[in-house]
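Some notes on the structure that comes next.
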Amino acid sequence: MTVFNLPDVGEGLTEADIASWKVSVGDTVEVNQIFVEIETAKSLVELPCPFAGVVTELHASEGDTVLVDQPLITIDEEGEPVLPTGVPEPVQVANTETPNHSEEPGPLVGSGPAADSAVRRARTSRPTPSAVAARPSAANKAGASAAGLADTISRRAQGLGQAVAREVDRRKPAMANFMDRVLAKPPVRRLAKDLGVDINEVIGTGVQGEVTREDVNSYQGQREAERDAAPTYWGHGAQGGALIERSQVRGVRKATAKAMVASAFSAPHVSIFVDVDASRTMEYVARLKKSRDFEGIKVSPLLVLARAVIWAAARNPSVNASWVETESGAEIHQKHFMNLGIAAATPRGLLVPNIKNAHTLNMRELAIALNDLAMTARAGKTSPEDMREGTLSITNIGVLGIDTGTPILNPGEVAIVAFGTIKQKPWVVDGEVVPRWITTLGGSFDHRVVDGDLSARFMADVASIMEEPALLLD
Amino acid sequence: MSRAANEATDQGLVQILTPEGQRLPNQMYDAYLGDVDDDMLRGFYRDMALTRRFDQEATALQRQGQLCLWVPLRGQEAAQIGSGRATRPSDYIFPTYREHGVALTRNVSFSEMLRLFRGISGGGWDPRENNFHMYTMVLAAQMPHASGYGMAINLDQHGWDEAKRAAEGDAVVAYFGDGSSTEGETHEAMVFANSFNAPVVFFCQNNQWAISVPFDVQSKVDLVHRAAGYGMPGIQVDGNDVLAVLAATRWALEHARSGKGPVLIEAMTYRLGAHTTADDPTKYRMSEDELAWAPKDPLIRLETYLRENKIVDEAFFAQLATDGDEMAAKVRKDAMAFPVPPLAKSFEQVYAEAHPLIQEELAWHLEYEAGFADESGVGEK
């Protein structure tokens with residue numbers, strides 16, 4: 001058995017994350033065969049195997065961090081290939097991937113360099129000549145593996161082009177993830193890592209949404225305050241021992257309450273729900289992320305939903321309307337423009353700013369508008385003008401991991417769509433149960449304006465786009 | 001500048017072999033390719049292919065923890081083989097740290113070159129044996145060395161007439177990259193070489209990227225235009241065209257050798273891989289950029305030319321692949337068998353004779369090292 005320890009593939013690196021294994025236990029490997037892709041603080045790197053033989057153990061799972069000089073793989077140089085039955089699946093330790101469709105970028109699985117570890121490299125005595133001399137047993141086999149590296153000398157012109165293309169394809173996801181990363185300077189990433197804070201969770205207030213040191217510290221401060229408060233919460237009053245804590249209702253809370261009461265008790269709500277297989281939306285979003293046109297622009301499933309809602313509203317225009325009481329009786333005002341509201345949790349509370357004339361925007365412009373709206377809201381800079389004259393709204397509760405809910409209409413509007421979390425669930429396709437990305441869309445409608453069949457048609461239209469975004473091309 | 005020098009400068013990009021493998025006639029440079037027969041062409045391909053295979057093996061060794069660092073050259077084989085094969089054994093070469101192909105043309109052993117990257121030697125080979133200087137890790141530090149060496153050649157050859165210089169004289173090739181082109185030392189070296197008519201060919205492999213800095217940030221004009229500012233001829237050559245590089249370098253060496261002063265060559269090429277094994281080019285350049293250069297690969301065009309003109313058969317490539325793998329296996333075996341000199345040995349190499357301060361430091365070091373005795377064996381696997 002020969003154990004291969006993680007080498008320092010950069011200059012002075014101390015650790016690396018396992019991005020993906022290219023071999024499994026029981027596989028036969030040749031010298032220089034690529035067996036794992038690792039991510040260091042500097043780059044994604046493929047490691048070629050230094051020994052030929054049979055893989056007997058992978059010492060870490062994908063997502064794990066391995067220190068330099070720690071065991072990576074064990075190879076039996078005399079081994080016979082074995083069937084991988086009974087071999088436990090590698091356990092996903094870190095970064096369990098749950099795509100959410102918030103305006104926040106998704107989890108950066110296998111991307112984004114880990115900050116340099118504070119671990120000092122262990123003192124090791126230098127390999128003695130005898131230790132070094134013991135290696136060539138493996139080296140002797142190098143000659144036998146003519147096809148060891150991807151490139152071979154006699155490659156045809158075409159072959160080389162294809163190899164370059166493959167190489168480029170391989171790198172594209174890394175690039176896309178890189179473009180998607182939360183902006184932050186390396187020392188700030190380091191600070192977040194040291195504090196155990198997931199930097200993707202921190203709301204950035206710097207230039208272009210950059211996460212600053214203060215953002216990380218204040219996030220941590222809040223987390224600690226919540227954590228510290230929890231054990232002493234029950235039975236201990238905050239103000240002079242009173243077990244009921246009073247706080248004045250004011251500001252956004254007050255406005256929200258007023259609007260919700262007005263809406264809930266003036267407009268008779270009817271809510272309907274539909275489960276949607278959003279797998280194609282997920283694929284579409286992934287493709288957009290890689291597209292050059294969307295470089296540097298955050299793309300999320302919310303973008304597709306926003307387009308779907310605009311598209312469906314044009315086919316069912318009664319949902320894009322308002323009920324207006326006038327002196328000469330009630331009127332329905334149907335709008336031939338879409339000011340698309342997006343409910344946003346902000347430092348000031350819940351706000352519903354809207355994207356003016358969203359129907360005139362193409363996919364790219366809409367993506368930018370959504371980003372701007374979210375950025376402005378998060379920074380607490382949403383202006384009253386941003387919230388005026390909305391015609392239809394989306395509430396993105398999936399960000400919080402919620403499946404669905406019955407949203408209350410934004411006052412003056414007659415339809416609102418709730419976007420639930422997207423999770424992999426068992427789904428029946430052609431009689432087979434397969435894992436698909438499923439979400440639930442919820443809609444509430446003002447029954448004075450929108451009847452049951454119309455609301456159902458509208459929701460079905462929205463769902464059809466989420467199931468097949470290509471229909472947007474019609 | 002002489003008329004010939006001006007002609008050289010006015011040529012535009014010199015290309016003999018197109019990316020499609022077509023050979024173009026060239027009024028000025030064909031005269032410098034008169035001796036290029038089928039054997040030589042096969043030899044150039046073999047040089048480039050073996051260099052690439054070596055580069056792959058060294059990269060793999062680095063990924064396996066056997067080298068501290070490796071500097072890949074993939075894509076720059078023609079610029080290196082073409083220029084290296086234009087030199088005479090008595091000419092002196094100052095490389096950067098990426099000239100593995102030039103090293104091959106100077107018969108430096110590939111295995112020996114890995115001592116440096118394995119971290120067990122400050123050099124690895126004796127520069128006097130092959131007139132191939134040690135690799136220079138500090139950007140552009142080799143440029144003044146080259147000019148100084150060239151000025152010394154002038155002193156050695158003082159009183160020689162042009163004919164004698166052309167026949168028996170030496171010249172220097174200073175390799176550098178587009179990144180080094182903006183170092184102050186490059187400027188100073190060019191000034192000195194021109195002021196003293198030193199026989200130096202400044203050979204720039206413009207591979208478009210100084211680590212992550214693209215060339216258009218490095219310079220607003222092609223480097224070849226700078227030659228006029230120093231008063232020397234400048235040649236811009238397709239660096240992925242081994243014949244054009246050979247011809248241009250031969251012209252430049254002839255010019256320098258005969259006492260007419262230095263020449264600047266800008267070989268337009270592209271680093272297809274990473275700057276070093278510690279670099280990840282996906283972080284700063286687009287895959288489209290790499291794809292655009294892929295068809296201009298120096299090996300592809302020569303292979304196409306060789307095949308279309310029936311200069312090679314399949315057996316040639318099969319043999320070359322076998323030879324490449326054998327060479328790679330030997331390099332691997334040699335590299336792992338190098339003895340690791342004790343650190344104490346470094347103290348011997350500071351001064352030629354015993355020195356009290358160094359002795360004192362050596363004693364301290366030995367004591368420090370002894371402090372790890374109880375952990376001995378930790379590093380052995």
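Ellipticity at 222 nm from helices only: DSSP H runs of n ≥ 4 in chain B, each -39500 (n - 2.57), divided by the residue count, give -14000 deg cm²/dmol. For the residues B:M143, B:M48, B:M40, a GNM of chain B with alpha-carbon springs under 10 Å puts the largest fluctuation on B:M40. Rolling a 1.4 angstrom probe over chain B with all protein chains present gives an accessible area of which 53% lies on carbon and sulfur atoms. Between A:G206, A:N217, A:P186, the Cα set farthest toward the positive side of the dipole of segment A:186-232 (charges on each charged residue's Cβ, about the Cα centre) is that of A:P186.
For B:T136, the solvent-accessible surface computed with a 1.4 Å probe is close to 20 Å², ligands and nucleic acids excluded. Share of carbon and sulfur in the accessible area of segment A:1-90 stands at 50%, probe radius 1.4 Å. In summary, the lysines within cross-link reach of B:K283, defined as a Cα separation below 19 angstrom excluding same-chain residues under 8 places away, comprise A:K42, A:K172, A:K185, A:K289, A:K290, A:K298.
Using a cutoff of 8 angstrom between alpha carbon atoms and counting only pairs six or more residues apart, the relative contact order for chain B works out to 24 percent. Modelled spin labels at A:A255 and A:V433, positioned 7 Å past Cα toward Cβ, are 4.9 nm from each other. The chymotrypsin sites (Phe, Trp or Tyr not before Pro) found in segment A:372-451 include none that occupy coil by DSSP while having at most 10 further C-beta atoms within 10 Å. Think of segment B:1-142 as a dipole: +1 on every Lys or Arg Cβ, -1 on every Asp or Glu Cβ, centred on the Cα centre; then among B:G101, B:P72, B:G82, B:P72 lies furthest on the positive end.
Straight-line reach from A:K258: taking Cα to Cα under 22 Å and skipping same-chain neighbours fewer than 8 places apart, the lysines in range are A:K381. When chain B is treated as a Gaussian network with alpha carbon springs shorter than 10 Å, the biggest mean-square fluctuation among B:R74, B:R307, B:R257 belongs to B:R307. For segment A:266-375, GluC sites (Glu not before Pro) are listed when DSSP marks them as loop and at most 16 other Cβ atoms sit within 10 Å of their Cβ; the list is A:E295, A:E327. With protein chains left intact and a 1.4 Å probe, residues in segment A:366-408 average 45 Å² of accessible area per residue. Using a probe radius of 1.4 angstrom, the carbon and sulfur fraction of the accessible surface of segment A:186-232 is 52%. Residues of segment A:39-53 buried by at least 40 Å² of accessible area upon assembly of all protein chains, compared with the chain on its own (1.4 Å probe): A:K42, A:S43, A:P48. Apply the a/c threshold of 1.5 to the C-alpha gyration tensor of segment A:240-350 and tell me whether it is rounded, prolate or oblate. Oblate is the answer for segment A:240-350, as a/c is 1.5 or above yet b/c matches or exceeds a/b. Using the 1.4 Å probe convention, the accessible area of chain B works out to 41 Å² per residue with neighbouring protein chains retained.
Under 15 Å of direct C-alpha separation, and excluding same-chain neighbours fewer than eight residues apart, B:K296 reaches these aspartates and glutamates: B:E20, B:E77, B:D238, B:D241, B:E288. When chain B is treated as a GNM, springs tying every alpha-carbon pair under 10 Å, which of B:I16, B:I311, B:I265 comes out with the largest mean-square fluctuation? Comparing B:I16, B:I311, B:I265 in a Gaussian network model of chain B, the most mobile one is B:I311.
Pairing chains B and A buries close to 4800 square angstrom of accessible surface in total, based on protein heavy atoms and a 1.4 angstrom probe. The relative contact order of segment A:186-232, computed from alpha carbon pairs under 8 Å that lie at least 6 residues apart in sequence, is 30 percent. Pairwise Cα distances in segment A:251-473 exceed 21 Å in 54 percent of cases.
A Cβ-based charge dipole, computed about the Cα centre of segment B:284-334 with Lys and Arg at +1 and Asp and Glu at -1, lands at about 120 debye. Using a probe of 1.4 Å, the accessible surface attributed to B:Y32 totals some 50 Å² when neighbouring protein chains are kept in position. At a 1.4 Å probe, which residues in segment B:27-69 are at least 50 Å² less accessible with all protein chains present than in their chain isolated? Buried by the other chains: B:Q56, B:R63, B:Q64.
The values are calculated or read from the model by the stated rules, or taken from the named source; none is laboratory data. Not measured: the values here are computed from a predicted model. Positions of Cβ are backbone-derived with ideal geometry, glycine not excepted, and every protein chain shown enters the neighbour counts. The area values use the complete protein model at the heavy-atom level, side chains included, leaving out ligands, DNA and RNA. Shrake-Rupley method; radii C 1.70, N 1.55, O 1.52, S 1.80 Å.
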